[in-house]
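I have placed the structure first, in the form of structure tokens, so that the comments after it can refer back to it.
The values are calculated or read from the model by the stated rules, or taken from the named source; none is laboratory data. If you're wondering where the values come from, they're calculated on a predicted model, not measured in any experiment. All Cβ positions, glycine included, derive from the backbone under ideal geometry; neighbour counts span all protein chains shown.
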Amino acid sequence: MFVYKKIKCAAVALFAACSVTVSDAAMSKGELFENSYYAIDAMRTPEGMYRDKWNFYTPQDNRGSIANVGVGIMALCIADSMGWENNAQAKVIQTLETVTNGAPTATGYIWIDRNETGYYRHFFDTTTGANVGNSEYSTIDTAILASAALFAKNYFQNGAVSYWAERVYRGVDWSRAIADPNAGTIFLEMQANGFGVPGQTTSTFNEYMIVAYLAMLANNGNGGAATSLWNNYYGTIPNLPTSGYWQYSLLTDAPGTFISGFIPQFNYFYCNAFSSNTQYVDYLRNAADADALWFTHSGYGWAPYCWGVGAGASPVAGGYNADKIANNPWMVVSPHIIGGYSVGNVYSGPNAVDYSNDLAPLEDNFGASHYYINGRKIIWRFSLSDPNWKAQDLQGIDYSSMLFGLASLYGHCGPNFFNQHNNYAGTTHWFHKYW
């Protein structure tokens, strides 16, 4: 059934001169959920790697993303749970084997570049595995890949998946990512020789909690720099820096500033120490409520379902931005961030709020959010201050919040899906250079 919608932009001042009639099918949450999986799947290559992004208006390129390979693995777990893929397990095995051992291609061989202690490049050529664009050896991107591998191990309970997942995890010396456990700093980038790049560090709180979590687990309960950093910061929540926005206390990496919405969401998806902790989940709920409130306070009178400060394609120079509260220059709405806040206890707890209910009116009233990948509709970023702007591409790692958040709804994979499979404490670590 087709629903004909009249988007009456006079509802807000900057849209006053705009009236656009569009015709397309209205989606249920289930349809958006399934279409979101196939958006990620469209980025998969025959060797089981994943491109960094989907180009809407130009031919697809060969730039792969090691973090999006992790997203692809997680997506296959979801697809298996939902019955969308009959061979999801085999696809996961292929991906893990390729990323660890390489694989023949139609034109030669792909071997993913790694440094001496196992850290992968952020971006790589999906046909050869070579570095793309002078990309760095990245701690966070490697951690997302390894976390996804261990998630798949827990989900599938299959010998081959476990074998390759453990090789991904044990093929990295996680201790090298720790810069200063007393200051809570972690290396952003690694050198080819396996050591951190001096001066390239980040402090708590941000998505590098995922790196810290794996590094702490890799100590196998025996203590070490990673355990000290964890106990000093992520394991002692009152020690973490916060910023206040009206009545909401928000985790941050610099008091007085705010972080992008994907950060607490990623920590929930990949890190059991976050998803199973009610204090962290309360901060996640605070982040959602503060995000929506900031858009309300923006002074432009946007509809209450228009919110979401996230990362992805943007009108800014360079075409990409990680938006934040008080730092969203083009007033970009991120529907995937709204979807991402549907996770776990935020949805099912005593103060349950299904933030994903805002997605339907957003889709209905803002045609600028509509995009298509292989004929399947999704909703993606659009600018309230520039209604004529259209995203040129969809970044898989960023859009994953939509897929993962919607997976947590009842009737989908369920609110305990991530919390059930993102505890990696049962896998003993020792560093081994398999390549």
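Results, tabulated for the structure shown:
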read-out	value
Number of positions in segment 317-344 that are under 22 Å from LEU406 (Cα atoms), of a type in the set (S, T, N, Q) and modelled with pLDDT of 95 or more	1
Some residue of segment 379-390 being in contact with a strand residue (DSSP E or B) (Cβ under 9 Å, 6 or more places away or on another chain) and without any contact (Cβ under 8 Å) to a residue 60 or more places away in the chain	yes
Subset of segment 298-309 that is out of contact with any Asp or Glu (no Cβ under 6 Å at 6 or more places or on another chain) and in contact (Cβ under 8 Å) with a residue 24 or more places away in the chain - its residue that is farthest from ASN365 (Cα to Cα)	SER298
Selected residue [among the basic types (Lys, Arg), surrounded by 21 or more Cβ atoms within 10 Å (Cβ to Cβ) and at pLDDT 95 or above] from ARG51, ARG63	ARG51
Among the candidates VAL197, VAL211, VAL161, residue that is in contact (Cβ under 8 Å) with a residue 24 or more places away in the chain and closer than 23 Å to LEU240 by Cβ	VAL211
Failed condition for THR185, given (1) within 23 Å of TYR233 (Cα to Cα); (2) touching a helix residue (DSSP H, G or I) at 6+ places or on another chain (Cβ under 6 Å); (3) not small (Gly, Ala, Ser)	(2)
Extreme residue, surrounded by the fewest Cβ atoms within 10 Å (Cβ to Cβ), among residues of segment 252-288 that are without any contact (Cβ under 8 Å) to a residue 60 or more places away in the chain and assigned to a helix (DSSP H, G or I)	GLN279
Residues satisfying the stated conditions in segment 281-327, i.e. within 18 Å of PHE266 (Cβ to Cβ) and among the acidic types (Asp, Glu)	ASP282, ASP291, ASP323
Search result, residues across segment 86-103 that are more than 19 Å from ASP141 (Cα to Cα) and either in contact (Cβ under 8 Å) with a residue 12 or more places away in the chain or polar (S, T, N, Q) (or both)	ASN86, ASN87, ALA88, GLN89, LYS91, ILE93, GLN94, ALA103
Close pairs (9 angstrom Cβ cut-off, 6 or more residues apart or separate chains): under 18 Å from ALA130 (Cα atoms) in segment 57-73, among the polar types (S, T, N, Q) and part of a strand (DSSP E or B) anywhere	ASP61/ASN55; SER65/GLN395; ILE66/SER138; ALA67/SER138; ASN68/GLN395
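Residue-by-condition table, conditions (1) at pLDDT 95 or above; (2) closer than 30 Å to SER203 by Cα:
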position	(1), (2)
SER81	yes, no
THR107	no, no
GLY118	yes, yes
GLY171	yes, yes
PRO181	yes, yes
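Yes/no per residue for (1) out of contact with any Phe, Trp or Tyr (no Cβ under 9 Å at 6 or more places or on another chain); (2) of a type outside the set (D, E, K, R); (3) surrounded by fewer than 24 Cβ atoms within 10 Å (Cβ to Cβ); (4) in a helix (DSSP H, G or I):
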site	(1), (2), (3), (4)
GLY308	no, yes, no, no
GLY312	no, yes, no, no
VAL316	no, yes, yes, no
ILE337	no, yes, no, yes
SER342	no, yes, no, no
